[in-house]
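Worksheet for the structure shown next.
The values are calculated or read from the model by the stated rules, or taken from the named source; none is laboratory data. Predicted, not measured: the structure shown is a model, and the values here were computed from it. Glycine gets a Cβ as well: all are built from the backbone with ideal geometry, and neighbour counts include every protein chain shown. Heavy atoms of the whole protein, side chains included, go into the accessibility calculation; ligands, DNA and RNA do not. Shrake-Rupley method; radii C 1.70, N 1.55, O 1.52, S 1.80 Å.
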Amino acid sequence: ASWYVAGNGRGDRNLVIDGFVASGEVREAHYMAWMGHLPALATPRLDRALVICFGTGQTADAVRQHRPGRLDIVDVSPAVLRGAPLFPKNHGVLQDPAVQQTVMDGRAFLRRDAGAPLDLVTLEPMAPNFAGTNNLYSREFYELVRARLSPTGVAAQWVPFHLITPDHLVGIVAAFIEVFPESRLWVDPVDGTGILL
């Protein structure tokens with residue numbers, strides 16, 4: 001995938017992947033911090049956390065603010081991780097000694113990792129209609145996440161209402177609830193995207 005950072009004339013920066021504005025430091029990215037804060041606040045302990053899909057790093061930084069003993073960050077693109085210093089709103093999260101970064105598919109990481117159970121897993125991949133991302137919105141993937149969670153662990157999944165059809169929305173929510181029956185759908189009051197928790 002090709003990527004670059006673009007400004008929007010207001011001082012905001014966007015991460016553009018294959019011509020699509022994938023992430024950014026804009027008002028509409030308000031939900032990104034909540035992708036980290038909501039699951040961190042919902043779990044009684046936070047020894048180990050995992051962020052799948054780094055983007056601009058705002059979610060990872062939000063998780064880090066809750067001081068997990070270890071924070072794993074997994075992204076398929078080494079270029080995205082190298083670009084982290086270009087986005088000041090992540091506050092240098094990758095420089096924190098508690099942070100471990102891995103270039104790998106999130107599913108592969110969950111299958112291969114033999115470390116301690118995870119107390120938090122949060123992910124905001126590209127919308128499921130982008131090549132290679134639909135597997136991260138599937139029942140099988142959520143089962144893999146559940147198998148790696150601690151007994152009190154929490155999973156959070158971004159739901160891009162503005163990028164998917166109503167049928168896809170229903171399918172994503174149904175798959176998540178099938179695996180995590182005690183789920184809630186939180187709608188960000190600023191940008192209107194969803195977070196399944």
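Looking at segment 49-71, which of its residues are surrounded by fewer than 22 Cβ atoms within 10 Å (Cβ to Cβ) and among the charged types (D, E, K, R)?
Listed by number, the residues that qualify are Arg67, Arg70.
Of the conditions (1) among the small types (Gly, Ala, Ser); (2) closer than 12 Å to Leu50 by Cα; (3) buried (at least 17 other Cβ atoms within 10 Å of the Cβ), Ala175 fails just one. Which one is it?
Only one criterion is unmet by Ala175, namely (2).
(1) open to solvent by 10 Å² or more (accessible area, probe 1.4 Å); (2) modelled with pLDDT of 95 or more: which one isn't true of Val93, the others all being true?
Condition (1) is where Val93 drops out.
Only one residue in Phe141, Phe161 is within 24 Å of Ser183 (Cα to Cα), open to solvent by 40 Å² or more (accessible area, probe 1.4 Å) and hydrophobic (A, V, I, L, M, F, W, C), so which one is that?
Numbers: Phe141 fails: open to solvent by 40 Å² or more (accessible area, probe 1.4 Å).
On inspection, the qualifying residue turns out to be Phe161.
Within the bounds of segment 76-88, is there any residue that is charged (D, E, K, R) and either touching a residue at least 12 places away in the same chain (Cβ under 8 Å) or surrounded by 18 or more Cβ atoms within 10 Å (Cβ to Cβ) (or both)?
Within segment 76-88 (the criterion being charged (D, E, K, R) and either touching a residue at least 12 places away in the same chain (Cβ under 8 Å) or surrounded by 18 or more Cβ atoms within 10 Å (Cβ to Cβ) (or both)), the answer is no, since none of the residues qualifies.
I'm trying to understand the selection: among the residues of segment 102-131, which are open to solvent by 40 Å² or more (accessible area, probe 1.4 Å) and free of Cβ contacts under 8 Å to residues at least 40 places away in the same chain?
Val103, Met104, Asp105, Arg107, Arg111, Arg112, Ala114, Asn129, Ala131
Given the structure, is Asp167 free of Cβ contacts under 8 Å to residues at least 12 places away in the same chain and either under 24 Å from Asp113 (Cα atoms) or of a type in the set (D, E, K, R) (or both)?
In short, yes.
Let me confirm something: among Asp113, Asp72, Asp47, which residue is within 15 Å of the chain's Cα centre (by Cα), closer than 28 Å to Glu140 by Cβ and acidic (Asp, Glu)?
Asp72
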